[in-house]
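Accompanying notes for the structure given below.
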């Protein structure tokens with residue numbers, strides 16, 4: 001199933017000149033959909049942001065609202081072993097790589113449970129690693145077992161399509177946003193608050209502030225941004241707010257519905273001047 005907002009497809013150069021914001025949301029398996037996009041459109045994407053499964057839901061424990069609870073985000077987050085995890089990461093990253101323009105880049109978020117597998121898969125595919133961005137949470141859940149350091153960070157690996165890519169980086173804008181100083185690769189940001197979850201919740205939802213900065217760093221207005229694990233649609237909301245064109249893929253119809261609500265709310269806020 002494909003849900004399109006604004007004026008239809010994303011292929012025509014004339015359309016690119018006309019459109020300020022375009023959101024295209026597809027429901028289904030990301031590998032199947034990206035194969036179709038490759039056949040229909042080729043390399044058309046400027047930036048890919050993905051927040052793939054972390055493979056955390058394997059009987060472990062976490063802290064929710066001050067009490068111990070099982071980590072169970074869903075069947076999609078269960079690990080079948082590191083070899084299967086790596087095979088999965090190589091397969092979806094390879095599909096993403098085909099859709100990137102020659103100078104396109106990809107950003108992938110994860111915890112230590114998954115991010116090293118992602119990085120190895122990127123290197124195996126000949127991608128050029130650019131940065132290792134650390135998102136630090138100032139108020140993370142406590143470690144109830146008292147046997148480890150408190151987990152307070154997630155990582156975003158930024159990589160170019162291949163070794164020859166001339167990736168885009170809006171250095172001046174990032175410096176401007178950082179009070180005239182070079183922006184470092186450790187960013188302190190809170191997790192999404194109640195306002196960002198008004199339309200519904202997703203267990204791995206990222207803060208809009210984080211996605212905004214990533215998109216502003218590596219794209220220009222009207223560029224195409226793809227998210228192969230769209231979830232609650234935060235990347236799409238950021239594209240609406242920052243006038244980028246968005247292609248999202250999500251397997252779960254419940255999260256497709258949630259994303260649509262968030263997209264409508266974001267567009268309404270723009271029209272009423274709230275953003």
Suppose we filter 251, 270, 214, 226 for residues that are surrounded by fewer than 24 Cβ atoms within 10 Å (Cβ to Cβ) and within 24 Å of residue 104 (Cα to Cα); which single one remains? 214
Filter result (surrounded by 15 or more Cβ atoms within 10 Å (Cβ to Cβ), touching a helix residue (DSSP H, G or I) at 6+ places or on another chain (Cβ under 9 Å) and more than 25 Å from residue 224 (Cα to Cα)) within the range 159-198: 189
Across the range 39-52, the tally of residues that are assigned to a helix (DSSP H, G or I) and either within 15 Å of the chain's Cα centre (by Cα) or exposed (fewer than 15 other Cβ atoms within 10 Å of the Cβ) (or both) stands at 2
If you go through the range 99-114, how many residues are surrounded by fewer than 20 Cβ atoms within 10 Å (Cβ to Cβ) and closer than 21 Å to residue 215 by Cβ? 3
Is it true that residue 130 is free of Cβ contacts under 8 Å to residues at least 40 places away in the same chain, surrounded by 15 or more Cβ atoms within 10 Å (Cβ to Cβ) and outside any helix (DSSP H, G or I)? yes
When residues of the range 152-182 are filtered for being part of a loop (DSSP other than H, G, I, E, B), farther than 23 Å from residue 92 by Cα, more than 18 Å from the chain's Cα centre (by Cα) and in contact (Cβ under 8 Å) with a residue 24 or more places away in the chain, how many remain? 1
Within the range 103-121, residues being part of a helix (DSSP H, G or I) and touching a helix residue (DSSP H, G or I) at 6+ places or on another chain (Cβ under 6 Å) number 3
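Read the figures in this text as sums done on the coordinates, not as results from a lab. Given the structure is predicted, the values throughout are model-derived calculations rather than measurements. Every residue, glycine as well, gets a Cβ built from its backbone with ideal geometry; the counts of neighbours run over all protein chains shown.
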